[in-house]
Amino acid sequence: MKLKIYSKIIVLVLAFCPLILFGQTPITGTITDADTGDPLIGASILAVGTSTGVISDVDGSYSIELPDGATQLTISYTGYTSQTVDVGASRVLDIQLAAGSLLDEVVVIGYGTVKREDATGAIQTVDSKVFNRGAVTSPQELLAGKVAGVQITTGAAPGDGAVIRIRGGSSISALNDPLIVIDGVPMDPGGVSGSRNALNFINPNDIATFTVLKDASATAIYGSRASNGVILITTKKGSLEKAIKINYIANVSFSNNIENMDVLTPDQFRSLINEQFGEGHPAREIMGNANTNWQNEIYETGVGTDHNLSLSGGIADILPYRLSLGYTNKKGILKTDEFKRTTAAINLSPGFLDNRLQVNFNFKSMFSDNRFANRGAIGSAVSFDPTQPVFDEASQYGGYFTWTDGPTGNPNTLAPANPVALLDLREDLSDVTRYVTSATVDYRLPFVEGLRANLNLAYDYSKGEGTVVVPDFASFAFNALTGGGSNNQYSQEKKNELLEFYLNYEKEWGDNDFDIMGGYSWQHNFFEDYSKSSDAAGTATETQEFESSAEVYLLSFFGRMNYSYKNKYL
């Protein structure tokens, strides 16, 4: 009898176990774009008839525990058609949202986002799907030719910077560069001494999107420093996928000078001199017997290699992460021009409290070694006598052919210098270190619907140091009194500290839609310079030292309000 009673109790317990588990197990899944399959970040998942809701994280995933009696979920996302789905017995619900009208597209602006139809300024976004491909070294190369009204002229040297002009800014005395903001951190456009490019600390493979703000609305929110436009750069983040993703990209590139300047050949040069000057003229006597193409002597095939490794995934369904390493080694087409760079980046973007509290931590670092070629060799190669040889064993100036004044034997300062000597005898080296650490905390306050608080902290440190050494036997650095040459040193250290906080409130009352934002920004810039110039021998009378330091504070209050009526009038 007892056995039968125990058997009935066990059967009842087993029968109710699914119901018990149903109440304790959360509903999980991912929210994606129905057309592209891309995850939708920040989608709202609400249990119908209750106030329980969560927000999808950086890879579109969510987890929600249904209150008693709730049987449906409503999923909504700005710019997409909302869906209401029945929960049923499945514990996993993957939802695909169809895009709404194009006008509902959301774009990034300064300190927040806005619907595209509500944007009063000229804004354009370029993402990784349409970036320029190939052996890209600098971030600017990804954007070149992609945005109307934005002209990007890149330099020819490896790792060189670029001249960026938005809508043709052309002030004679003021800076014409746009403001660059990377993951919410405004950058110093000048870079640090010894650096080829202020943006070289970012590996192009780590960039997710560029957003270009072209007009006065950018100045209104960022101040006068944005008078030439703003470029917002967002880097890639991790995802909560269970399997770790490993991505390796490598390329080898070859660069050549497309075409030389059209100059006289050695034979044409001799014919011209013979035609212009008679027998016995000194111009005929100083012509040489060599046949030298000076432009071929200074240019070479620039070989470059680039390696990029990234790892991304999630830890315990809580901590999305992305790690990346990059190494670049490129030689320029001008001999002795070389650029080496090592980059590392870390991104952590966990969400807490049902994703109401979202944290985004970024660390980016770069170490670069540079050797700069003497650009003066380009002009000298075009104008130098093609009948003279590169080397002269009798020359006291490093064995390079040199034009001299006959009686003294000193270099002729009116004549061009030997182009090859300009490259070989000048050692211009620099080492640059830079790292940027930033953390953003975004919290949607539960007691006021539509209100969120955002805190942004950042620290940007850079240091560059270098030397320029020319031996005393270099003809282009000759000094009759001291022997000449040079032994110059320089260093610069920069620090950029940032603290920003703002509140954003969005609310709809019938036909009225409000989006109000207000905040405070504190930024501290400090720099310290040192330089020492001397001849090769370090002569006291030829040595000069210079030191300076300065700091600048920028304190700002900013605000913005967008009001629309019936989604027609702004």
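The values are calculated or read from the model by the stated rules, or taken from the named source; none is laboratory data. Being a predicted model, the structure only gives us computed values, none of them experimental. Reconstructed Cβ throughout: ideal geometry from the backbone, glycine too, with neighbour counts over all protein chains shown. Surface areas here come from the heavy atoms of the whole protein model, side chains and all, with no ligands, DNA or RNA. Shrake-Rupley method; radii C 1.70, N 1.55, O 1.52, S 1.80 Å.
Label point of V263 set 7 angstrom out along Cα-Cβ; within segment 387-410, amide nitrogens under 11 Å from it belong to 387-388. Here F367 sits with roughly 110 square angstrom of accessible surface, probe radius 1.4 Å. Beta-bridge orientation, the chain: approximately 95 percent antiparallel, per DSSP, counting only bridges with both partners inside.
Using a probe of 1.4 angstrom and keeping all protein chains present, the accessible surface of segment 234-319 works out to 67 square angstrom per residue. Once you reduce segment 501-570 and segment 465-499 to the center of their Cα atoms, the two points are 32 Å from each other. Per-residue accessible area (protein heavy atoms, 1.4 Å probe) orders D57, D267, D511, D215 as D267, D511, D215, D57, starting from the largest. Derived scalar couplings between HN and Hα for segment 405-415 equal 7, x, x, 8, x, 6, x, 7, 6, 7, 8 Hz in order, rounded to whole Hz, by the Karplus curve 6.51 cos²θ - 1.76 cosθ + 1.60 (θ = phi - 60°), x for Gly and Pro.
Largest to smallest in accessible area, the residues V54, V48 fall in the order V48, V54 (1.4 Å probe, all protein chains included). Take each peptide in 443-456, 34-47, count the other Cβ atoms within 10 Å of every residue, and average; sorted highest first, the result is 34-47, 443-456. Each Lys and Arg contributes +1 and each Asp and Glu -1, all at the Cβ; summed about the Cα centre of segment 469-511, the dipole is approximately 440 debye. D by Stokes-Einstein for segment 412-464, Kirkwood Rh over Cα pairs, 20 °C, 1.002 mPa s: 127 µm²/s. The heavy atoms of F363 offer some 60 square angstrom of accessible surface to a 1.4 angstrom probe.
For V382, the accessible surface of its heavy atoms amounts to roughly 50 Å² (probe 1.4 Å, protein chains only, rounded to the nearest 10). Within the chain, the whole DSSP H helices whose Cα atoms reach 18 Å or more along their own axis and whose mean Kyte-Doolittle score is at least 0.0 are 2-24. Quick one, which of (1) 76, 53, 52; (2) 131, 59, 48; (3) 146, 62, 53 is the actual Cα extents along the principal axes in Å calculated for this model? Here Cα extents along the principal axes in Å agrees with entry (2).
Please give the FRET efficiency for F254 paired with T153, using the beta carbon to beta carbon distance and R0 = 30 Å, rounded to the nearest 0.05. The partial results should precede the final answer.
Working: r = 22 Å, r/R0 = 0.74.
With R0 = 30 Å, the Cβ-Cβ based efficiency is 0.85.
Each part gets one Cα centre, and for segment 314-367 versus segment 67-89 those centres are 36 Å apart. Between A220 and S76, the distance separating the two model label sites (each 7 Å from Cα on the Cα→Cβ line) works out to 2.7 nm. For segment 148-277, the orientation-averaged shadow of the C-alpha convex hull comes to 15.0 nm² (one quarter of the hull surface).
Structure shown: which of K340/K463; K146/K568; K495/K532; K364/K494; K330/K495; K129/K236 lie over 20 Å apart, alpha-carbon to alpha-carbon? Spell out each step's value before the answer.
Details: K340/K463 16 Å; K146/K568 30 Å; K495/K532 22 Å; K364/K494 16 Å; K330/K495 28 Å; K129/K236 13 Å.
Checking Cα-Cα distances, K146/K568; K495/K532; K330/K495 exceed 20 Å.
Run the numbers for H524 and S128: contour at 0.36 nm per residue of separation, minus the present Cα-Cα distance, in nm. Mind dumping the intermediate values first?
Values: separation 396, 0.36 × 396 = 142.56 nm, distance 3.22 nm.
Contour length minus the Cα-Cα distance gives 139.3 nm.
Within segment 350-469, the ratio Rg/Rh, alpha carbon atoms throughout and Rh by Kirkwood, equals 1.46. Based on DSSP H segments of at least four residues, each scored -39500 (n - 2.57), the chain has a per-residue ellipticity at 222 nm of -3500 deg cm²/dmol.
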